[in-house]
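Below is one structure, written out as structure tokens; comments come after it.
The values are calculated or read from the model by the stated rules, or taken from the named source; none is laboratory data. Since this is a predicted model, take the numbers as computed values, not measurements. No Cβ is skipped: glycine too gets one built from the backbone with ideal geometry, and neighbour counts run over all protein chains shown.
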Amino acid sequence: MTVVYALVARGKTVLAEFTSTSVTGNFPTVTRVLLSKIPPTDSRQSYLYDTYAFHYITSQTLTVLCMSDENTSGQRGEFMFLEKVREKWDEMYGSQGLTAIAFSMNDRFSHVLKTYMDDFNSGRMSSSDQLGQVKGQISAVKDVMVQNIEKVLERGEKIELLVDKTDRLNQQAFKFERQSKRLRSVMWWKKVKMYLAFAFIGAAVVVAISMFACGGVDYKGC
């Protein structure tokens, strides 16, 4: 499993987030929908969407959430990741997150999220000496309820998760279209310049012939 996105939020207010550069998509928008469905009480849960999974823990109204690219085969690991992020958050900010405005901690804490994601995805986190410190905290993961994401949506409400491939294809198509327009513009101007050059040469030839036929530049013979 690989964690590709993580955030810390109070209710629906995102205080810090980080997205891996290896993926693109609309999952930040999807997480906003999920945040609006998470109850304010202490809880932990996983939601599935195709081959992706969203995991979160909520404690004292603060939610730490991540998205991984392989369902729940590594669920225990992802909750270890979330616990460690929450520990670091409490160490850095204490209760400041209870009153902070949106993204007020993003400048500093997004770097923490990046570091923890890199450590988790490379295996350094699971092999560290601190693993034993969180074993007790994540022992309850086996009781975490796993639901399909559609079950938290209201009737008629729909979200579509777009990750990586679709978004990249759209970007490539846009880039190709832009390059094609630029190429057509360049070719059009080349054609205009060529026509102008031919017109100038033709006009010069006509003037030269007329001057020769009329006896010089003053056209005395005409």
Members of segment 108-124 that are part of a loop (DSSP other than H, G, I, E, B) and basic (K, R): R124
Qualifying residues in segment 206-222 (those that are at positive phi and either out of contact with any Gly (no Cβ under 7 Å at 6 or more places or on another chain) or of a type in the set (F, W, Y) (or both)) - the one modelled with the highest pLDDT: G216
Flag if T61 is under 26 Å from G123 (Cα atoms) and modelled with pLDDT under 95: no
Within segment 15-44, tally of residues that are in a helix (DSSP H, G or I) and not small (G, A, S): 10
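Every residue, every condition in (1) among the polar types (S, T, N, Q); (2) closer than 17 Å to L113 by Cα; (3) within 14 Å of the chain's Cα centre (by Cα); (4) surrounded by fewer than 18 Cβ atoms within 10 Å (Cβ to Cβ), yes or no:
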{"site": "V3", "(1), (2), (3), (4)": "no, yes, yes, no"}
{"site": "G11", "(1), (2), (3), (4)": "no, no, no, yes"}
{"site": "V14", "(1), (2), (3), (4)": "no, yes, no, no"}
{"site": "S36", "(1), (2), (3), (4)": "yes, no, no, yes"}
{"site": "S46", "(1), (2), (3), (4)": "yes, no, no, no"}
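With the structure loaded, tell me whether G77 is modelled with pLDDT under 90, small (G, A, S) and buried (at least 16 other Cβ atoms within 10 Å of the Cβ) or whether it fails that test.
yes
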Residues being surrounded by 20 or more Cβ atoms within 10 Å (Cβ to Cβ) and modelled with pLDDT under 85 - total across segment 16-26: 1
L62 vs. criteria touching a residue at least 12 places away in the same chain (Cβ under 8 Å), in contact with a helix residue (DSSP H, G or I) (Cβ under 7 Å, 6 or more places away or on another chain) and closer than 17 Å to K12 by Cα: yes
